[in-house]
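Worksheet: the structure to be examined is printed underneath.
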There are 2 protein chains.
Amino acid sequence: MAHELDAIFRPQTIAVIGTSRREGTIGREILHNLVEFEFNGMVFPVNPGAQVIHSMKCYRSVLEIPDEIDLAILVVPSERVLRTAEECGLKGVKGLVVITAGFKEIGARGAELEHRLLEITHRYRMRMIGPNCMGVINTEAQYKMNATFASGIPMPGHVAFISQSGALGAAILGHARELNLGISKFVSVGNKADTAADDLLDYLKDDDETHLILLYLENFGNPRRFTRVAKELSKQKPIIAVKSGRTQAGARAASSHTGALAGMDVATDALFEQCGVLRVSSVEELFDLAVAFKNQPIPRGNRVGIITNAGGPAIMATDACINLGLTLPSFGEVTQAKLESILPEEASIENPVDMIGGARAAHYASALEAVLADEAIDSVLTIFVPPMVTGSLEIVETINRTSKQFTKPVLGCFMGRRDVFQKIELDPGEMLPIYSYPESAAKALEAMVRYRNWRERGQGQIRDFQVDRNKAEAILNRVQHEGRHWLSDGEVAELLEAYGFPLPPSILVSDLAGAQAAVQEIGYPIVLKVIAPGLLHKSDLGGVLVDIRTDQELAQGIMTLSEKMARVESSYPDYQIMVQKMIKGGQETIMGMSLDPGFGPLLMFGLGGIYVEILKDVAFRISPISDRSAREMIESLKTRDLLLGTRGEKPVHIESIVTTLQRLSQLVSDFDILEQIDINPFIVSDEPEKCFVVDARIAIRQIQTTA
Amino acid sequence: MAHELDAIFRPQTIAVIGTSRREGTIGREILHNLVEFEFNGMVFPVNPGAQVIHSMKCYRSVLEIPDEIDLAILVVPSERVLRTAEECGLKGVKGLVVITAGFKEIGARGAELEHRLLEITHRYRMRMIGPNCMGVINTEAQYKMNATFASGIPMPGHVAFISQSGALGAAILGHARELNLGISKFVSVGNKADTAADDLLDYLKDDDETHLILLYLENFGNPRRFTRVAKELSKQKPIIAVKSGRTQAGARAASSHTGALAGMDVATDALFEQCGVLRVSSVEELFDLAVAFKNQPIPRGNRVGIITNAGGPAIMATDACINLGLTLPSFGEVTQAKLESILPEEASIENPVDMIGGARAAHYASALEAVLADEAIDSVLTIFVPPMVTGSLEIVETINRTSKQFTKPVLGCFMGRRDVFQKIELDPGEMLPIYSYPESAAKALEAMVRYRNWRERGQGQIRDFQVDRNKAEAILNRVQHEGRHWLSDGEVAELLEAYGFPLPPSILVSDLAGAQAAVQEIGYPIVLKVIAPGLLHKSDLGGVLVDIRTDQELAQGIMTLSEKMARVESSYPDYQIMVQKMIKGGQETIMGMSLDPGFGPLLMFGLGGIYVEILKDVAFRISPISDRSAREMIESLKTRDLLLGTRGEKPVHIESIVTTLQRLSQLVSDFDILEQIDINPFIVSDEPEKCFVVDARIAIRQIQTTA
């Protein structure tokens, strides 16, 4: 087989183990669904208590089946799953779909069972979906496999759907049918013991039947692999995802139900952003986007034309488009002239084009043609409210036909009178997407524009700076060896210096004479800081004196610090004093890293002080980041204008931020023992020589040693 | 008649003028709809070119009809509307519904026609709906009037719907039928020449058939009257509104289509906020709320219980609830014990209650009963994803039945399998609201909680401060008399002082000796400002010197200012110098007023500097405001924590802000000539004696004089 997961999706033979004669049971429904959808291969029921099920010969065990078995669907009670899996392994089965529940999701006992199940599948080199799932579907004509217990017959198409919730998956299959959204593959991943979303994305990359991928996720198994796979795939096929458990309470609900750890939502947003996955906030929005991506071309840009026969919905559509960052440009002169010649005098030939209530199919056709031909327009939203006159069907079909003459997306918002639209007898695959509300159509257009930008966006460069890695390693080894969590200030400075972070000029001294010499070199104003191994809260100790401007203040300062340290000398016998250039002016920013157990190092950037504390206006990305990602972090801030200088002031030196973020990315990539880095403040100004890391704190992970 | 508008909604006799034999014409459809809905009174077709229409005797003119006519529906061409209206007047008709378009919405010529039409209706004391509308409906059993050309038969119920867009109104009537949302009254208001939303709200106040009011608005005719009427009505009946034209582009689209002025969106938000109207952003949301308000009790608070048979949707519901400010409290011990005894071991008895896939009707009944009985829960969201087993119908009906035993709202989110729910044969009016997506249900619950808070919220007090109104009037009269737009600094200070605004201690002087005497009284540090009639940009002139701390600096400052003024002496011969206490510390806020042509004085408050410039974090209210509204302005700021001191600092003296906002409200209410007031900064600190208006600018409107 070409791919390991073909064992799941492209079997020649399937055994349904634990199927039943009793209608309404899961085992019976799966068998029924396989037969009803006319699976192209052979299906064997297995149940020690029956001879015939669904008019088919029933086997006592998978081992008794005379033919080779590619795929086994397990619906046996959880206490029998291990033995059954073992038998499948012995039989040479290549794939398992374990429907049975009672594993990780019920706690420690179930987790242990799941662990042992996974061992068996590994031992026999079987791939597995589940446990605790509702099955898989592959609508490819050559296979036609519906190995789920969801009701209804799957509609073939080019949309793959991966769901971490079985029940939701079933509901979504139902909605998809109503929306004429044909499915290529459906997978309910359950507890994801062996096969998670990232494996499936990797598999779908080469699946010609799949053009669009929809995800419902509650957590990530392996966020880094997901990122890598999704990043590549999303350049070819759009991926739209609902990730639930956004709020802490939601995450708690998620963890109680799937046994998964709660993922931080900022990390999820960063992840999706970095790998081009279009995140939506509800299943409703998932469908709104899916029907547009399904059969419409991706627009070249964000310029929307609106054509309507009713003012109200057009106003609402305009509001929605503008709020989402789309634009409604004026039409070119040619377009305006065309519209003027076509439409009655009372019509508005501006954008939105309001053809008023009397508009007929011919008006829609001509107006749509004119607007689609306009170079200033990337996509068109047609709005149609059926008046009491007849001809609605003709109008809908005309819009659809006209839209096919161009390679720009055309969406329809046809309000009210669902009875009319249910009569449309077009091939559903050929029909333009139709929405009931203009806001839904606008959301879909915005997502398509976002996807276009993602596909055209360069990857950016991950820079490799010349650094003193050995020195950094030595520092971190020492901290780890000494069992410390926090680096001392001296170590922080050395580490950051080794990685080329811009630090203010500073000199370590031990007395006034040394300090005076240092000032000769650095110049006033200066800051004095007490530095000692193990001294963390120097500010609490009164160990920092700022804005020293004269020799007199310097002498006074050294004396003050010496007296303070004399009182705690026994704790810090080897203290020194750092004479550091005082940085004035510039904009305070913060950057940092916190290690997420699942996502790895999460980089953060924002403006300092009030902006981070009150407004939480910070950007996150998962390390490593390219220069492009660093720049996007800056641009995504609500307070970016304070950096970009759009209020008439000089902009700060953005490249210094970009470079420093990338140095941070390199540092945390090099040492996975780093747990937390807070650079606060990183002061930036309009010249690169005036951008400095003024203070920082760094902590490493506690490594459990076995010794 | 009890109310003038009864002429429109409760006629005994109706003439349809301009009706037609031709099917598919508006005139014919209205006649048909009146007959089809079985209007209880008499209908008379009027058309000079026909003898019979729809099997009814047709009259050449309304004057020829032998009976008295209460209501006339006009569908004649626009050029015949005036003559027809005149005839209606002569006939003694009491109400007109003018369907005909071609009035204000097409420009100046149409506006003139509309003006003359209005004159006729006033002359004959007729009330009018329209022109340019699609008619009215009253489903009351005694009348049963469908005087619209919308297709479909109205479903009677208790929801009134007022729409400024005819087409959207028709679409909404269609949706309402699908959602079993029965209508009491429907009005397409068109150009609102005589009757606008505020008139209709006033009418609906005493309409026992109407329990809930839905609005689609593009602008307000008379925002102040709307506010007054809606504020009273919304305490008895919920009002839910879509106001489109939110964005500038949307407003442009709105104005090109209805000939209306664009309303500022902040003003609209403020207006709705102040009169308890629940604003939604789309028609979809309008319906989401309407079906919940229709037949569910208003919850006592924001504490939601969730009961589900599937994890995924419950997580999404939890996310949605939390994001909207609802809470999911833990259940009481009694509830937990009950749930434990009812549900299988694998179920989660926390909130959300996850009864897992096997849950039957009995489980739903017992769990819902237990949760509804819990004192810690105000409302319940039941989620049900039909599994493949049968019994779905029974579950839905059980949930509905159980919910009736309590007086708490219960909403349903039943996902997928629309086929199942279409089979429910309950009286639609009796069915709990069912949503397809949990987010919609959460939005409805949030709106109900918001409405509860509004209903229970006290009005607050509009204070009447002791002020020197005569002095203020004299100042403003002088400025107006001299044809000036801006008040001078001296006038600003006098005016604000007359209204009791806290100004820093200051003394006007004309030389150094005077300044020295002033400092004796005020104390350093001080600010020196040049004050002269007509001098506006004193800062540009260098006429402000701050932070003067010593006698030497004072002498120097007075000299500097004298020299500067000597250069421009001819312009400002009467200048003086203001010696003002320099205010240090505290938090800079801004407050102000700008006069909106429609809404009147719009008050504004926010933090100063960056917060207003970059973050646009300001609150608006329409004057006059109560102390409660003033407090809500402060609390609605994203940056409120900076004032409330929640970061460990002392809170500022909030009452000083509240009082000053109310003084501002009183000032602008007293003088409608005021056009703009910018108080920037109003410095507030933790003590009332340290809160000061440090600078302000005030402008009056240009009054056109006829002399």
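The numbers here are math on the coordinates, done by the rules we state, and not lab data. Given the structure is predicted, the values throughout are model-derived calculations rather than measurements. Virtual Cβ from ideal backbone geometry, glycine too; neighbours counted across all protein chains shown.
Results, tabulated for the structure shown:
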quantity: Expected 222 nm ellipticity per residue - DSSP helices of 4 or more, -39500 (n - 2.57), all of the protein assembly as shown, to 500; calculated: -11500 deg cm²/dmol
quantity: Order of B:MET431, B:MET42, B:MET578 - criterion: other Cβ atoms within 10 Å of each residue's Cβ, fewest first; calculated: B:MET42, B:MET431, B:MET578
quantity: Karplus (6.51, -1.76, 1.60) ³J(HN,Hα), θ = phi - 60°, over the stretch A:205-213, in Hz, Gly and Pro reported as x; calculated: 4, 9, 8, 4, 6, 9, 10, 8, 10
quantity: Relative contact order of chain B, pairs being alpha-carbon contacts under 8 Å that are 6 or more residues apart, as %; calculated: 8 percent
quantity: Sorted by Cβ density within 10 Å, fewest first, the residues B:THR227, A:THR100; calculated: B:THR227, A:THR100
quantity: Separation between Cα centres of the stretch B:601-674 and the stretch A:157-171, rounded to whole Å; calculated: 49 Å
quantity: Fully extended contour minus Cα-Cα distance, from B:LYS564 to B:GLU68, at 0.36 nm per residue; calculated: 170.3 nm
quantity: Dmax and Rg, reported as Rg then Dmax, of the protein assembly as shown (C-alpha, Å); calculated: 36.8, 117
quantity: Farthest positive-ward along the stretch A:468-535 dipole, Cα basis, beta-carbon charges - from A:LEU528, A:ALA474, A:PRO505; calculated: A:ALA474
quantity: Set B:LYS104/B:LYS243; A:LYS338/A:LYS443; B:LYS205/B:LYS243; A:LYS294/A:LYS616; A:LYS471/A:LYS564; A:LYS237/A:LYS338 screened for pairs whose C-alpha atoms are more than 26 Å apart; calculated: A:LYS338/A:LYS443; A:LYS294/A:LYS616; A:LYS471/A:LYS564; A:LYS237/A:LYS338
quantity: Dipole in debye (nearest 20) - chain B, about Cα centre, beta carbon charges: Lys, Arg +1; Asp, Glu -1; calculated: 1480 debye
quantity: Dipole in debye (nearest 20) - the stretch B:462-522, about Cα centre, beta carbon charges: Lys, Arg +1; Asp, Glu -1; calculated: 180 debye
quantity: For the stretch A:587-700, fraction of C-alpha pairs farther apart than 22 Å, in %; calculated: 26 percent
quantity: Calculated label separations, A:ASP670, copies of the chain, 7 Å along the beta-carbon direction, nm; calculated: 7.0
quantity: Percent RCO, i.e. relative contact order, over the stretch B:474-539, from Cα pairs under 8 Å lying at least 6 residues apart; calculated: 40 percent
quantity: Cβ neighbours within 10 Å from other chains - mean over A:170-176; calculated: 6
quantity: Nm distances between copies for B:GLN702, ranked from closest, using label points 7 Å along Cα→Cβ; calculated: 7.4
quantity: Qualifying lysines (Cα of each under 20 Å from Cα of A:LYS57; at least 8 residues distant if same chain); calculated: A:LYS91
quantity: Cα centroid of the stretch B:341-410 to Cα centroid of the stretch A:298-365, whole Å; calculated: 48 Å
quantity: Positive-end extreme of charge dipole, chain B - chosen from B:ILE395, B:TYR451, B:GLY110 (charges on Cβ); calculated: B:GLY110
quantity: Check: the protein assembly as shown dipole with +1 on Lys, Arg Cβ and -1 on Asp, Glu Cβ, in debye; calculated: 2080 debye
quantity: Chain A, closest residue to the rotation axis toward B, by beta-carbon, whole angstrom; calculated: A:LEU615, 4
quantity: Farthest positive-ward along the protein assembly as shown dipole, Cα basis, beta-carbon charges - from A:LEU215, A:GLY557, A:LEU541; calculated: A:LEU215
quantity: Cα long-axis angle, helix A:26-36 against chain A (0 to 90 degrees, to the nearest 10); calculated: 60 degrees
quantity: Within 10 Å of each Cβ in A:105-111, the average number of Cβ atoms from other chains; calculated: 1
quantity: Shortest-first distances to equivalent copies, position A:GLY458, nm, label 7 Å out along Cβ; calculated: 6.4
quantity: Contour minus Cα-Cα distance for B:LYS57 and B:ASN323 (0.36 nm per residue); calculated: 89.6 nm
quantity: Long-range amide H partners of B:PHE331 with built H, under 5 Å; calculated: B:ASN351
quantity: Those aspartates and glutamates that a straight Cα-Cα span of less than 13 Å connects to A:LYS638, excepting residues fewer than 8 apart in one chain; calculated: A:ASP617, B:GLU613, B:ASP617
quantity: Whether the stretch A:298-357 is rounded, prolate or oblate, judged on the alpha carbon gyration tensor where a/c under 1.5 counts as rounded; calculated: oblate
quantity: Global form of chain A, assessed from the alpha-carbon gyration tensor, a/c cut-off 1.5; calculated: oblate
